[in-house]
Every structure is written in C-alpha cells, then in structure tokens.
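A quick write-up on the structure given underneath.
The values are calculated or read from the model by the stated rules, or taken from the named source; none is laboratory data. The structure presented is a predicted model; accordingly, all values stated were derived computationally and were not measured. Here the Cβ positions follow ideal geometry from the backbone for every residue, glycine too, while neighbour counts run over all protein chains shown. Areas reflect the complete protein model, heavy atoms only, side chains present, ligands, DNA and RNA absent. Shrake-Rupley method; radii C 1.70, N 1.55, O 1.52, S 1.80 Å.
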Amino acid sequence: MTDAVAVTSTRELRGVLHGLPGVDEVGAKARAARLGTRSIKNDTKAAAIDLAISMVDLTTLEGADTPGKVRALCVKAVRTAPGAPTVGAVCVYPDLVKVAVEALAGSGVGIASVATAFPAGRAPLEVKLADTRRAVADGATEIDMVIDRGAFLTGDYGRVFDEITAVKEACGEAHLKVILETGELATYDNVRRASWLAMLAGADFIKTSTGKIQPAATPPVVLVMLQAVRDFQAEHGRVVGVKPAGGIRTTKDALKLLVQVNEVAGPRWLDPRLFRIGASSLLNDLLMQREKLATGVYSGPDYFTLD
Amino acid sequence: MIFDTGYAPAPESTSVVDLRASYGLFIDGGFVTGKETFPTINPATEETLAEVALAGAGEVDAAVAAARTAYENVWGPMPGAERAKYLYRIARIIQERSRELAVLETLDNGKPIRETRDVDLPLVAAHFFHYAGWADKLEYAGYGTTPVGVAGQVIPWNFPLLMLAWKIAPALACGNTVVLKPAETTPLTALAFAEICQQAELPAGVVNIVTGAGETGRLLVEHPGVDKVAFTGSTEVGRQIAHALAGTSKRLSLELGGKGANIVFDDAPLDQAVEGVVNAIFFNQGHVCCAGSRLLVQESVAEELLAKLRARMETLVVGDPLDKNTDVGAVNSAAQLARIRELVASGVEEGAEPWSPPCALPERGFWFAPTVFTCVAASHRVAREEIFGPVLSVLTFRTPEEAVEKANNTPYGLSAGIWTEKGSRILAVAEKLRAGVVWANTFNQFDPASPFGGFKESGYGREGGRHGLEAYLAQG
C-alpha cells in the first residue's frame, strides 16, 4: 500500500497546506468547550470507560525507566481489572522494547516505541532512521516519531514530508504515529497544516504531543486534528487515527475525548485501531471509576497499583 | 458502537423548583388573585404546569396606579446609588437561584436546560449587574438623569427571563417603575422574578407583573397612565402598538422580527462557520428574532459547507429539554408549531428541497426536526418570512456585491453574520449591511454592554449597554 500522495516539493505542499480552510481560534475553543459539557451517565459511561481502557497507550518515558518498571507496566497492561479489556499498547523508549516484547508475548497488546530522537527530534536523519529500524527489529509494532518542528515552522514542508516518508519506510509493517508536538506549533492553523502534512506523507496516526511540552493535548487541538482526519478521509479515502497524549489524567478527560471523537470525526473512529490515548496515570482513574460504577463505592487510590 | 443509541439520559432534576398550583398577579408588592385564570403548559409534555391569573382592565389599572405611586414617592426620588443597591441585590439573588430559574424556564418554555443554564441565566444576572453599575453614573451617559415615569413592557416567549431583564434592568436603573406583561405561554419565570423582588425587599409598586394574553398587553400599552412602552415581539403586533400610540405623548421602543442573513465567503474558517450556522438557526429551536435564518454561501464552497452542515446536524440531540445533552428542545406552543409547519409546507410546494437528519421526535409535546432548505429562490416564502423555528433557507452567491444585495433584500434588518478570514472584507461588508447587529466569524453572541436593536421593520430603539439607557431617560 502506498500511502504517500504525489506532492513532495515544498512549494507544492505549501499550496496544499495553505489552501486548507483556516481555523477560527475563538470558534474552535467554544466548540471544544461545548462538547465538554456532554453528560455521560450509566450504561454509556460504563461502555465508554471500557472503550477508553482499550485505547490507552500505557506509557513510561522517563530517563529513570528500568526493565523492572516496564515489566510491571506490561503486567498491568494485560491484567487491567477483572472483566476489563487490555490496553491498546505499552509505549516505551527504544532500548526497552525487547523487555516489553517479552513481557507482552501473546497478549495482543501493542508494543509502541518512541523513535527519531524523541522528544526533541534534534538528530541527523540517519540517526533517526537507525533509531526506528532498531526499535522495529527489536519487536516494536508501533513507532511514535516526532516531526522536525523547526523545519515545519520555517516553512520547509518538503523536509518534514521527506523525513516522515523515510521513517515510514523504515517502519516496515509497524504502524507509524507522527507526533506534531502541537504545543510548539503556536496556532490552530499550523496544527491543521501539520496534520495534513503528516497524513499526506503516510502517517497511520497523528499524535498531539510528546508529553514533554505544555500545553499538550488540549481539547481544541484534538478537535482540529479530528476534523483533519475526517476531512482527509473524505478527500483521499484513507482513514488515519488520532492519538492525544499529555495531560490526560482523569476519566472525565477521557470521556470528553470520546465525545469529541464521536461527534467530530464520527463513530468509525471509536475504535482502538483509530484512536489512542497516550497516558500513564489515566488508567488507574479509569479503573477506579469503573469499579465505582459497578459497585457503587469508591475504594480509593490505595487499591490500585502504582506501576 | 457505544454511542449508537445516543447518550444515556442525563436529566436535570426538577426538585429545585417548587411549582405552585396557581399564581396570582404581582401588584404593589404583593400577589393578588385575578377573576379568571389560564393554564400554562410544558410544551415538551403538554402537561399543565400551573394556572395563572388573567389580568383584566381593573388589574392593569391597579398595577399602573401602583407603579405611578412608587415612581412619585419612592423610586423616582431615590438617589441612583441607592437604586443600584437593589439592582445588585436582585442580580445576586438571580445567581443564587439560577439553577431553579433555569429548570423553571425549561419547563415552561421547552428550551434545553443546557441553554437556560449556560446562556439565559448567566446573561440575565449579567444584565442586572451591568445596569446596576449605571444607576449612579447616568450623568456620564449623555441622556440626562430624568426618568420617563411608568414603563409598560410587553415581552415575548422565546427568552422569557432574559427579555424581562433587558426591559426591567435599564428601566429601574434610570429611576422608572414598570408594569410588565410576560407572554401567555411563558409567565412562570416572571412570577418567580416577582418573588425575587420581594426577597430583595424592592419597594412595593416598583415592579408589577400582570399576566395574560394579547388583550392584557393591549390594555397595558394603551393605558393612559403609562409614559413609555417597550415591546419585543412580532412585527405585526409591533405595528398595532405603534398605530395605537400614534398621537399620544408616550415613548415607544420596538424590537421586532428578523430574517437574518449569515454570509459565508469562500475563505471562511469552514468548520467554525458550520458551528456558527448551527448556532444561528438551531439555538433555542430557532425561536430567536435575530436568528440567522438565511444562509448565503459563496457558490465555490457551497457543496463542501452543506456536506459539513448535514454531518453536523446529524449529531444534534433533539428531545427532552431537561436532558443535559439535548441541543434542540420543544417548540414553545401548538400555535407556533402550526406556523412552522405551514411555512415549511409552502417551501416544499414552491419547489425548495427540505432535508432533516434522522431523529426520533417524542410523541407528546410540540416538536420540529431541524431542517435545511436548499434550492431556495429569493422569492420563496421560506426565504422572505420569519419562520421562528429550526428551519434554515440556503441561497448561494457569486460576488460580495451579490451577497450584500441579497442580505439586504428583506423588510427586516435585525442581524447578519459574516464569515471570512479576511479582516478588510469583514469591515467592507459590515458597513453595507442594513442590520442592527453584525457578527463576524460568530453568531448569536450577546453581552449586556453591547447595544441590540433593528433597522427597518425590525423595530427601533436599542437595548443593552449605554445606548439602552436612552429609552428610559426623558432627555434621551
């Protein structure tokens, strides 16, 4: 399958990206806020919590990560709670992919690795590609790459495009999530353009943030990206996923995201293959709310393991 | 899929509202029973909420007399800073009781709780706060400091408490006393407001509320003891009032109908324009005098915009107004539903093509699915007459000149919207639009500091902001 579209020069890309309708900031914020007032109760809430669990990319991206921590996280990823689904994937640094592969063998949980000199992306292309190839060779099924924000912001769209297509090629069978790092893109117009650029270059997913920069996955940013995948599908036929990451900690945040997915991109995206939530502490809150809904009582955070 | 059958019901509790079986008239600080009563119903269920007193000539006389006495003895002579204290107190009580008032408004009107909670009530309180601030600063407003006297005010059913605030807050701030008649289908929040006046210990007679239908309104506006008439409602009734008041010394301000044009240029932020179009016509079931009921879209983006609009309309939640997820509630009355149906039928007959998203409407109550008409000619009734319902007529244009010409080609002139990323175009087009309010890249935004009112047959006089003081001051 060739996912890249035949526009590659910076000039051509500029024509396409700057021809997209603008985003009115006030309107986008108002719409996102309005969707945040939806009230999700009872059966809908129970189903939404389980869906959200299955969409979590359970993440640990710290300098202090250890094989032991990754193993613990993998156990949690598979055995979330009795009757609850497994998470979507475990997301780790490249050097810990092997540990995750071993721990998750046969579980069906994806192994995502950040690559391309995450989080800054400041490395020569050869290094980024080597980073990617090694993670894939070690067993990563999903690669989370970062774009070169410097190149994007200076308008060198061709360079960003080429880098994404090269990484996509290096991914082979692994799914490619392209991190836009929206906190550095300054405007919603840029978020929309970067989304399209990544999709045109063959991204399987577009992802908001590394989690290392604030603001990260704000509701209006997710809104604009969901509009982008919807519009891209309408125009090119290819369905691209969305992954908000960074600052999503509560069940309420997750439910608001699902409402956005449902009403902006459409119900088709309510699927872990097309929507993921990058988070670390979110899972425990989802599990706590799940138990509260089932039993009617809060057991408290001490009853949920910190992995 | 988890949301296939919509979101689980999330009804707002009605336990905060203490509905009484019957309500009297609020005259001279107390509630008095009328000789006759009429029922007010919940338009979402057709159940009777309460019986309300019908004010006849005697009751209107008594209310106007009470207002006169209060004006001459208490409220007129009171320093502005003292009047302000009462208005601030009223504003605070409204905030404290806002949940109760929002639920009551939704029950009586049929509009969604999301709107009464997030739009109506915050604006009502803000309006009282705003005019409370003016009460001791009238000398800086430029219209003198002398009140007009007794104001007779007649308000519509689409924003019952908000229209009350628009009328009463500036009148009281300027030192006038009022007799207000709410619409016959939505009297309950006005009567709750009467209780708030008691709670705030507002001097007796400063605010009087008389309930009834058109005849009560006629008795009030034609009453010789009334110095100033303010009316919001249909152009037809506005014309009758202007006729009745001609040759008298009474002052009159009218806020009437509209057929607002929402103009979308090809360089508009399309996703936000779609939101704006939805907010312009489906907000409050389209029962909005300044609704953007005509969508004028540049032909090069018409197809794309309409595809997005239809997809967006499919996500509108229509149904129980008390459900926190409802976007479009019940039509206010059987009469209004009949009028919407009649106009929509005329649109179909004249050749326009209607489209509505699939939505199951409740069996009881008054409901109309959100509707878009395409293939609309400028001469179709759906493009010319105010439908006052969730019905949008779409027309296309090629050049900015054509857009302005089409937008202005209506006897009304209340509102318009412009959608474009080009600032210079916003200014150039806004200047040529004959409309009292022009929104740019937004629609149906209200603020107590911003004046509101119409051109041509949409009425005269301004409400809101400094300009809103003019109608209630003698040198205005």
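Structure values in brief
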{"item": "Some residue of region A:51-68 being in a helix (DSSP H, G or I), closer than 24 Å to A:Y188 by Cα and within 14 Å of chain B (Cβ to nearest Cβ)", "result": "no"}
{"item": "Subset of region A:26-43 [more than 19 Å from B:P9 (Cβ to Cβ), at the interface with chain B (Cβ under 9 Å from one of its Cβ atoms), surrounded by fewer than 23 Cβ atoms within 10 Å (Cβ to Cβ) and of a type outside the set (A, V, I, L, M, F, W, C)]", "result": "A:R34"}
{"item": "Where B:K137 falls short, out of the listed (1) open to solvent by 30 Å² or more (accessible area, probe 1.4 Å); (2) touching a Ser or Thr at 6+ places or on another chain (Cβ under 8 Å); (3) touching a residue at least 12 places away in the same chain (Cβ under 8 Å)", "result": "(2)"}
{"item": "Number of the exception - B:E12 against (1) in contact with a helix residue (DSSP H, G or I) (Cβ under 6 Å, 6 or more places away or on another chain); (2) away from every other protein chain (no Cβ under 14 Å); (3) not hydrophobic (A, V, I, L, M, F, W, C)", "result": "(2)"}
{"item": "Filter result for B:A151 (more than 21 Å from B:G257 (Cβ to Cβ), in contact (Cβ under 8 Å) with a residue 40 or more places away in the chain, out of contact with any strand residue (DSSP E or B) (no Cβ under 9 Å at 6 or more places or on another chain) and open to solvent by less than 10 Å² (accessible area, probe 1.4 Å))", "result": "no"}
{"item": "Residue among A:A117, A:A64, A:A46 that is free of Cβ contacts under 8 Å to residues at least 12 places away in the same chain and open to solvent by 20 Å² or more (accessible area, probe 1.4 Å)", "result": "A:A64"}
{"item": "Test: residue in region B:446-456 that is open to solvent by 40 Å² or more (accessible area, probe 1.4 Å) and aromatic (F, W, Y)", "result": "yes"}
{"item": "Hey, B:A242 at pLDDT 95 or above, out of contact with any helix residue (DSSP H, G or I) (no Cβ under 7 Å at 6 or more places or on another chain), at the interface with chain A (Cβ under 10 Å from one of its Cβ atoms) and surrounded by fewer than 23 Cβ atoms within 10 Å (Cβ to Cβ) or not", "result": "no"}
{"item": "Hits in region A:172-208 - residues which are in contact with a Ser or Thr (Cβ under 7 Å, 6 or more places away or on another chain), outside any loop (DSSP other than H, G, I, E, B) and buried (at least 23 other Cβ atoms within 10 Å of the Cβ)", "result": "A:I179, A:T182, A:V191, A:I206"}
{"item": "First in region B:421-442 and away from chain A (no Cβ under 14 Å), second anywhere and outside any helix (DSSP H, G or I) and aromatic (F, W, Y), Cβ under 8 Å, 6 or more apart", "result": "B:R434/B:F455; B:A435/B:F455; B:G436/B:F452; B:G436/B:F455; B:V437/B:F452"}
{"item": "Enumeration of residues in region B:420-464 that are farther than 23 Å from B:W134 by Cα and charged (D, E, K, R)", "result": "B:E421, B:K422, B:R425, B:E431, B:K432, B:R434, B:K456, B:E457"}
{"item": "Selection within region A:209-224 - over 23 Å from A:S113 (Cβ atoms) and open to solvent by 20 Å² or more (accessible area, probe 1.4 Å)", "result": "A:Q214, A:P215, A:T218, A:P219"}
{"item": "Residues of region B:409-429 satisfying the condition of being under 23 Å from the mean Cα position of the chain (by Cα) and surrounded by fewer than 17 Cβ atoms within 10 Å (Cβ to Cβ)", "result": "B:P411"}
{"item": "Pairs with Cβ under 8 Å, 6+ apart, first in region B:218-234 and touching a residue at least 40 places away in the same chain (Cβ under 8 Å), second aromatic (F, W, Y) and open to solvent by 10 Å² or more (accessible area, probe 1.4 Å)", "result": "B:V221/B:F231; B:T232/B:W166"}
{"item": "Failed item in (1) surrounded by fewer than 24 Cβ atoms within 10 Å (Cβ to Cβ); (2) in contact with a Lys or Arg (Cβ under 9 Å, 6 or more places away or on another chain), with B:T145 passing the rest", "result": "(2)"}
{"item": "Filter result for B:F373 (without any contact (Cβ under 8 Å) to a residue 40 or more places away in the chain and either on the phi > 0 side of the Ramachandran plot or in a strand (DSSP E or B) (or both))", "result": "yes"}
{"item": "Any hit, region B:272-282, residues being in a helix (DSSP H, G or I), in contact with a Pro (Cβ under 8 Å, 6 or more places away or on another chain) and closer than 26 Å to B:R462 by Cβ", "result": "yes"}
{"item": "Given (1) surrounded by fewer than 24 Cβ atoms within 10 Å (Cβ to Cβ); (2) under 29 Å from B:A171 (Cβ atoms), index of the condition B:V278 fails", "result": "(2)"}
{"item": "Residues of region B:198-214 satisfying the condition of being out of contact with any Gly (no Cβ under 8 Å at 6 or more places or on another chain) and either surrounded by fewer than 22 Cβ atoms within 10 Å (Cβ to Cβ) or among the acidic types (D, E) (or both)", "result": "B:Q199, B:A200, B:E201, B:A213, B:G214"}
{"item": "Residue within region B:51-69 that is in contact (Cβ under 8 Å) with a residue 40 or more places away in the chain, among the β-branched types (V, I, T), open to solvent by 30 Å² or more (accessible area, probe 1.4 Å) and more than 18 Å from B:F193 (Cα to Cα) present", "result": "yes"}
{"item": "Residue check for B:I387: under 26 Å from B:D271 (Cα atoms), open to solvent by less than 60 Å² (accessible area, probe 1.4 Å) and touching a residue at least 24 places away in the same chain (Cβ under 8 Å)", "result": "yes"}
{"item": "Among residues of region B:308-326, those that are within 18 Å of B:K111 (Cα to Cα) and either open to solvent by 40 Å² or more (accessible area, probe 1.4 Å) or out of contact with any Phe, Trp or Tyr (no Cβ under 6 Å at 6 or more places or on another chain) (or both), counted", "result": "12"}
{"item": "Residue match in region A:259-278 (condition: at pLDDT below 95, away from chain B (no Cβ under 14 Å), surrounded by 15 or more Cβ atoms within 10 Å (Cβ to Cβ) and in contact with a Lys or Arg (Cβ under 8 Å, 6 or more places away or on another chain))", "result": "no"}
{"item": "Among the candidates B:L161, B:L180, residue that is aliphatic (A, V, I, L, M), in contact (Cβ under 8 Å) with a residue 60 or more places away in the chain and open to solvent by less than 20 Å² (accessible area, probe 1.4 Å)", "result": "B:L161"}
{"item": "Pair list, Cβ under 6 Å, 6 or more apart: region B:195-209 residue farther than 9 Å from B:I93 by Cβ, other residue among the polar types (S, T, N, Q) and open to solvent by 20 Å² or more (accessible area, probe 1.4 Å)", "result": "B:G205/B:T69"}
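Yes/no per residue for (1) of a type in the set (D, E); (2) within 14 Å of chain A (Cβ to nearest Cβ):
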{"site": "B:E255", "(1), (2)": "yes, no"}
{"site": "B:D267", "(1), (2)": "yes, yes"}
{"site": "B:G276", "(1), (2)": "no, yes"}
{"site": "B:F283", "(1), (2)": "no, yes"}
{"site": "B:C289", "(1), (2)": "no, no"}
{"site": "B:V297", "(1), (2)": "no, yes"}
{"site": "B:A311", "(1), (2)": "no, yes"}
{"site": "B:V318", "(1), (2)": "no, no"}
